[in-house]
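Every number in this text was worked out from the coordinates using simple rules, so none of it is lab data. Given the structure is predicted, the values throughout are model-derived calculations rather than measurements. For neighbour counting, all protein chains shown are included, and Cβ atoms are generated from backbone atoms with ideal geometry for every residue, glycine included.
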Amino acid sequence: MTGIDAYEACVNPAWLEVLRQCGLDAQSLAADGCWLCLDDGRRLLDFVAGYGAAAIGHNPPELLTRLAQDLRDLAPNLHPLGWSEAAGALAEPLLGLAGLPGGKALFASSGAEAVEGALKLARMAGGRARAIGFDGGFHGLTLAATQLAGSGFWRQGLPADADCLRLPWGDLAALEGALAANDVAAVLLEPVQGTAGARAWSGDALHRLAALCRQHGAWLIYDEVQSGLGRCGAWFAYQALGGPPPDMLLLAKGLSGGVLPVSALLYRDAIYQAVFARPGCAKIHGSTFGGNRLALRCGLHMLEALRGLDAPARAAGQSDYLRRAWPDGPFVLEGVGLMLALRATPRAKSRFGEQAAGALWLQLLAEGVLTAPAAHDPDALRLLPPLTVGRAELDYFLNACQRAVTALEEEATT
Ligand SMILES: Cc1ncc(COP(=O)(O)O)c(C=O)c1O
């Protein structure tokens, strides 16, 4: 067996069926910048971009060239009994940009691995077990991350973990109540929730939340796996929102360029001292591939590329352009920087049906634009274009949206 038959037989036939129903079962033959080329001849403007991981576009030539050079370097890719120059070189600027100077960085391979690491360090550093997440949140699909996800969908068939508590999004009174017994190790949140359709905390709420965490001895963790590294119009989303720095900050997608898996957990020195600085504990947490040389080199190249692009300013500028051009109509454009969502208004739902966002998704696909339905909000489509997206592509997107809404209007009147 080869090709799609092998995938269907040996990987995930249920997923293939979903793709068939949406007309997305064609093979992606090539990807370049903001575009995907499918083997049925279609070109799609990719406003999903690996959920934001392809931060400077698919297959960015400069990054690929540099990684090819790194591959030829004969230094070991893995050297668990050594130390890595690239790790320090990447950690220092990341900690500075994240507002955690003097802190420490721990490198891993995926977003969920960074989330698990953060929860583990928070528990070890405080000797407390409980962790809090919020409705609408998404932190990956490993066990603890799933327990803190803001939708029960991800926990189907799993036993509940009594130490993981989920609170209504934005409910600071509920948080105060949950923290009152001083037994919570960590509060985990995305400053801008991706899967809920680019839903942002206010800076003021983040300040109040951070004060509550301090008062009750809980570590505050920002999951910026998707929102970090310029996407939200500042290096980190919490800065764009005017919030305070956390105790730990997680990043992944943008650091990888969508090419090599790499994630980072940035955290305060006090946590390092409580966990790693104890006698014999210098390697009490880590993983085989966490901090491998190629992944770190990829992170270094991406940071340089994002700085060269002035990613925060560029994301803010392109976001302003889209917002100014977005017409009043049945769908609104919301979000922060280039972490955006199209949301169906009540008018859209009364005109195009309860599944108005889904109908728009299909129409946009027919117009050659790929967006992502928001798993935690049936009324929203997520937009995560590469930060390199140009005005011509934004215009293409705007025109496609206009045609898609016109098509929905025509369908509704027939
Ligand atoms: C905010 C957030 N946190 C964590 C994760 C998990 O990252 P990964 O899929 O690399 O494990 C994701 C993935 O989409 C995410 O969006």
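Some points to look at:
- Neighbourhood net charge (12 Å Cβ-Cβ; Lys/Arg +1, Asp/Glu -1) for TYR267: +1
- For the peptides 67-78, 43-54, residues were scored by their other Cβ atoms within 10 Å and the scores averaged per peptide; the highest-first order is 43-54, 67-78.
- Coupling constants for the stretch 261-274 follow from the phi torsions by the Karplus curve (6.51 cos²θ - 1.76 cosθ + 1.60, θ = phi - 60°), and in residue order they are x, 7, 9, 9, 10, 9, 8, 5, 4, 4, 6, 4, 4, 6 Hz; glycine and proline get x.
- Tilt relative to the chain, helix 85-97 - C-alpha long axis, 0 to 90 degrees, to 10: 70
- For the chain, the Kirkwood radius over C-alpha pairs fed into Stokes-Einstein at 4 °C and 1.567 mPa s yields D = 58 µm² per second.
- Counting only alpha carbon atoms, the long axis of helix 61-72 and the longest principal axis of the chain meet at about 40°.
- When the alpha carbon coordinates of the stretch 159-291 are projected onto the principal axes, the ranges are 41, 38, 33 Å, largest first.
- Taking a sphere under 14 Å around the Cβ of TRP219 and counting the other residues whose Cβ falls inside, with K and R at +1 and D and E at -1, yields a net charge of +3.
- Comparing SER227, SER256, SER84 in a Gaussian network model of the chain where C-alpha atoms under 10 Å apart are linked, the largest mean-square fluctuation is found at SER84.
- Annotation for MET1 and LEU16: the two label points, set 7 Å from Cα along the Cα-Cβ direction, are 0.6 nm apart.
- Mean projection of the Cα convex hull over all viewing directions, computed for the stretch 340-414: 5.0 nm².
- Pairs of C-alpha atoms in the stretch 35-92 farther apart than 18 Å represent 60 percent of all such pairs.
- With Cα atoms, 0 to 90° folded angle of helix 391-413 axis to the chain main axis: 60
- Residue order for ARG307, ARG297, fewest other beta carbons within 10 angstrom first, comes to ARG307, ARG297.
- Sequence-distant contacts, meaning Cα pairs under 8 Å at least 6 residues apart, place the relative contact order of the stretch 316-414 at 27 percent.
- Cβ crowding within 10 Å, taken as a proxy for footprinting-reagent exposure, orders LYS104, LYS253 from fewest neighbours to most as LYS104, LYS253.
- Across the stretch 186-202, computed HN-Hα scalar couplings (Karplus, 6.51 cos²θ - 1.76 cosθ + 1.60, θ = phi - 60°) run 8, 10, 10, 8, 9, x, 10, 6, x, 5, 8, x, 6, 9, 10, 6, 7 Hz from first to last residue, x flagging Gly and Pro.
- Helix-only mean residue ellipticity at 222 nm for the chain, each DSSP H run of n ≥ 4 adding -39500 (n - 2.57), per residue, nearest 500: -13000 deg cm²/dmol
- Note on ASP269 and ALA180: the extension gain reaches 29.5 nm, defined as 0.36 nm multiplied by sequence separation minus the Cα-Cα distance.
- Using distinct alpha-carbon pairs, which all enter the 1/r mean, Kirkwood radius of the stretch 62-309 in Å: 18.3
- Ellipsoid equivalent to the stretch 110-163 - semi-axes via the Cα gyration tensor, in Å: 18, 13, 10
- The eigenvalues of the Cα gyration tensor, multiplied by 5 and square-rooted, give the stretch 145-226 an equivalent ellipsoid with semi-axes of 20, 18, 10 Å from largest to smallest.
- Other-chain or far-sequence residues with amide H under 5 Å of ARG130's (modelled H): ALA185
- Close amide H partners of LEU383, meaning residues 5 or more places away or on another chain with modelled amide H under 5 Å apart, are LEU340, ALA341, LEU342.
- Residue-span extension gain [SER287 to LEU71] - 0.36 nm each, minus C-alpha spacing: 75.7 nm
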